[in-house]
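Report on the following structure.
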Amino acid sequence: MTDNLSWVKTHCARMDHGGCSVWVGVKDNRIVKIKGNPDGFLNQGYVCPKGLASKDRLTDPRRLKYPLKRKGKRGEGQWERISWEEALGRITDNLNRVRDLYGARAVAFCQGMPKGMEHFVLIRLANIFGSPNLVAVQDVCHAPREVSGIHTCGFYPVVDFHHPSQLVVAWGSNVTRTNEEGEICSLLLQQVRNGTELMVVDPRKTDLARKARYWLQIRPGSDNALALAFLNVIIEEGLYHKDFVDNWTYGFADLAARVQAYSPERMSGVTWISPELIRESARFYAHARPAAIQWGNPIEHNINVFDTARALTALMAVCGNLDVPGGNIQANEPNIARLGSFVRADLIPGKPKEMIHAYHNTIPRLMTVPPSFFKRAVLNETPYPMKAAYMQCTNPLLTWANSQETQNTLEKLNFLAVSDIFMTPTAAFSDIVLPAATQFEFNDIGHYGLGHGYILARPKVVEPPDECWPDMKILNELGKSLTSGRYWFDDYEGFLEAVLEPSGLSYREFVEQGYLKGEHRFEKYRSKGFKTPSGKVELALSKPEKLNVQALPEFVGLPEAEDPEYPLVLTSAKSPHYLHSSYRWVDSLRRLNPVPLVEMHPDTAEAHGISEGHEVLIETRKGAIVQTARFRKDLDPRVICAAYGWWFPESGAETQYDWKRSNLNMLTSTRTLGRAFGTPNLKGICCRLKKK
């Protein structure tokens, strides 16, 4: 690199889960250019449009630059600049006041998608403060797959893209557009070029579906029905891995009896996939050795997720694809600090019984509070009052189900503080707003605690604006103010050194290395068994009564019963240009995706008198929003796919950024929740269209 720039190697982050190794070109403390690193451990030179545009977050003139306190009513957009000392003092006084009156559990600490070390520092602060209530969106992202896996086979089964697979099944996963949890598409596409077959389960014909041998265009919300039909074929036809099933599974006979009811012929009417295609696809998966299921976040978006995750884990097991190279593996972590010790779980031993959702009998091991239960606690004071919240890296008005209920919740809180890089609709309802530093402006570690067996170095590239602090620094200073100083560091970068201490590396040495990965070790169960009560993969749970769940996966109905007045099925998809509700204010990204687009089949549009490019009303029994029609001939005419996470920063504070107009979660409800995880229905919702 011979230009006049100073180049720094780091990893992209906060545009999705991150993982792309990038070279960042800097001049005069300003990022000029970003390019993918061809030697990147996960991305091999690839970088997405969000990553290329990520530098624009740092220099936007509308960015938050100093702490603010509310002057008028919540949401009115009237603010007064204050010092950091006053901001931290006000937060400390208000949280302590709530703790004194109602107990520490009346304070919630809230996080969106984990973006870096800040998530675990927040858990540490909550634990030391004494609150069991870390509220996060894991009920609809990651936790159902992880926790279901732990109860079924003793670990979270992640796909192994580092060894060749004969087949990869992308089940609700679109890694060429959204690189969930650092599963960058580069490694998968390299395998496809080398002969790996693809199977895609998705209502939309994704880029991967165009490359696939099999595309199963599933009805949104029917994933558990399809997974059980796969099991029906594989078990009925004797295609399962007999040695593994005989020696390493518990409850196979019970599962075999259960899935007899879920023939492809019966499930075809539910899934909208022909019996012939279900049978052929199930056989192909059973014969492929090894095969990996890359299960994506969308399977967690309805009340039946526990049955879906259990059935898919059972598929991995009966076909002998658990913890084998190229299958679904138990990732081995590098020698780094254990999560429990880092977050000081020892200081709050009664936490599992005191978290809000414990009173709703959710499944054990769910360690973050589902937002729907948090909102009930605020609004109804059940199981106990919730009076204050601290939020970071999150925008609940857009990202939590039932947005009107979320607004009511924010308005009822006695006190709310928000840390962010831009004034979001949620921040506009707070009492104190803190200006956060964003990625490239502080040292961080990526992928700690995500269960994929590696961590990534994210060294600082440029200095942040004078009063913009990293979330880790904010939490470290709040910790000193709210709790004993002995649990905190003189400099927040002590958190980084603490994570790395068991490895023997300093943070600087870690940066030079770039990443740490656990060693490859497979079939560990042969010497240790599985970490379940039976020591085997529990196809039927051996102690379901202790988990408050059914022993076997099942299909008892769609997430919502069909409704003649709302005859279409609503789903949604994330944009490749945004992260959930983030970055609608980044001009370079907004030009790529300027308006919220609802996808529909041309025949559906014609039946409703809708023209492409025109605004339409999308209605459910919960509400109505406006989005712009886009035609897709490969979409089922019975399905519409709406855009998610939309608000309009250009509308200004006086309209609260017009956050209700096109917000998908104005259409969702929290009335019915999944029992295991408190998950609401976000997909497979009955809806209708109207010409606007």
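Bear in mind that the values in this text are calculations on the coordinates, not laboratory data. This is a predicted model, so every value here is computed, not measured. Every residue, glycine among them, receives a Cβ derived from its backbone with ideal geometry; neighbour counts consider all protein chains shown.
Post the alpha-carbon centroid distance, segment 619-686 to segment 225-283, in whole angstrom. Their Cα centres are 34 Å away from one another. Counting other Cβ atoms within 10 Å as a rough exposure proxy, the listed residues Leu597, Leu413 run Leu413, Leu597 from fewest neighbours to most. Here the ratio of the Cα radius of gyration of segment 636-685 to 2.2 N^0.38 Å is 1.47. Sparse packing (at most 12 other Cβ atoms within 10 Å of the Cβ) combined with a DSSP loop state is found for the following trypsin sites (Lys or Arg not before Pro) in segment 184-275: Arg213. Compared with the alpha-carbon gap, the fully stretched path from Lys353 to Glu80 is longer by 94.2 nm at 0.36 nm per residue. Taking the Cα centre of segment 568-691 as reference, the dipole from Cβ charges on Lys and Arg (+1) and Asp and Glu (-1) amounts to some 460 debye.
Which order do Leu416, Leu541 fall in if you start with the one that has the fewest other Cβ atoms within 10 Å? Could you put the intermediate results ahead of the total?
Details: Leu416 26, Leu541 23.
Going from least to most buried by this count: Leu541, Leu416.
Packing-based ranking of 418-426, 511-519, 466-474 yields 418-426, 466-474, 511-519, ordered from highest to lowest mean Cβ neighbour count within 10 Å. Here's how it looks for Val22: its modeled amide H is under 5 Å from those of Thr10, His11, Cys12, Asn37, which are all 5 or more places away or on a different chain. Based on Cα contacts under 8 Å between residues 6+ apart, the chain shows a relative contact order of 19 percent.
Normalised radius of gyration (Cα atoms, divided by 2.2 N^0.38 Å) for segment 6-54: 1.04.
Projecting the Cα positions of Pro465, Tyr507, His520 onto the charge dipole of segment 382-525 (unit charges on Cβ atoms of Lys, Arg, Asp and Glu, taken about the Cα centre) puts His520 furthest along the positive direction. Oblate is the label for segment 308-354, because the ratio a/c of its alpha-carbon gyration tensor axes (a ≥ b ≥ c) is 1.5 or higher and a/b is not greater than b/c. Three principal axis extents describe the C-alpha atoms of segment 69-140; from largest down they are 34, 29, 22 Å.
I need the shape label for segment 325-483. Rule: rounded when a/c is under 1.5, else prolate if a/b > b/c, else oblate, with a, b, c from the alpha carbon gyration tensor.
oblate
For segment 544-557, backbone phi angles converted through the Karplus equation (6.51, -1.76, 1.60; θ = phi - 60°) give residue-by-residue couplings of x, 5, 6, 9, 6, 9, 6, 6, 10, x, 8, 10, 10, x Hz, Gly and Pro being listed as x.
Based on the mean of other beta carbon atoms within 10 Å per residue, what is the order of 304-317, 568-581, 598-611, 387-400, most packed first?
Numbers: 304-317: 27.7, 568-581: 21.9, 598-611: 17.5, 387-400: 25.2.
Top to bottom by mean Cβ count within 10 Å: 304-317, 387-400, 568-581, 598-611.
Which shape class, rounded, prolate or oblate, goes with segment 178-286 when its Cα gyration tensor gives a ≥ b ≥ c as root eigenvalues, a/c under 1.5 marks rounded, and past that a/b bigger than b/c marks prolate? Oblate shape, in that a/c is at least 1.5 and b/c is the bigger or equal ratio. Overall, the chain carries a charge dipole of about 560 debye about its Cα centre when +1 sits on the Cβ of Lys and Arg and -1 on the Cβ of Asp and Glu, all other atoms neutral. A P(r) calculated from all alpha carbon pairs of segment 226-314, with 5 Å bins opening at zero, reads 2, 13, 23, 26, 23, 10, 3, 0 percent. Arranged from fewest to most other beta-carbon atoms within 10 Å of their beta carbon, Val499, Val192 become Val192, Val499. For segment 6-54, the residue among Pro38, Trp23, Ala53 whose Cα projects farthest onto the positive side of the dipole built from Cβ charges is Ala53.
Send over the Kirkwood Rh of segment 396-536, from the inverse of the averaged 1/r over different Cα pairs, rounded to one decimal Å. All intermediate terms of the calculation are to be shown ahead of the outcome.
Numbers: mean 1/r = 0.0536 Å⁻¹.
The answer is 18.6 Å.
Among the GluC sites (Glu not before Pro) in segment 47-155, none sits in a DSSP loop with a Cβ that has at most 13 other Cβ atoms within 10 Å. Counting only Cβ charges, +1 for Lys and Arg and -1 for Asp and Glu, the dipole size of segment 6-54 around its Cα centre is about 160 debye. Based on DSSP H segments of at least four residues, each scored -39500 (n - 2.57), the chain has a per-residue ellipticity at 222 nm of -8000 deg cm²/dmol. Max-minus-min Cα coordinates of segment 568-691 on each principal axis give 40, 35, 26 Å, with the largest extent listed first.
The 3J(HN,Hα) values that the Karplus relation (6.51, -1.76, 1.60; θ = phi - 60°) gives for segment 104-114 are, in residue order, 4, 5, 7, 10, 9, 10, 10, 9, x, 4, x Hz. Gly and Pro appear as x.
DSSP assigns beta bridges within the chain; of those with both partners inside it, close to 50 percent run antiparallel.
Phi angles across segment 511-518 convert, under the Karplus curve 6.51 cos²θ - 1.76 cosθ + 1.60 with θ = phi - 60°, into 3J(HN,Hα) values of 4, 4, 6, x, 7, 10, 10, x Hz, Gly and Pro given as x. Projected over all directions and averaged, the alpha-carbon convex hull of the chain occupies 28.3 nm².
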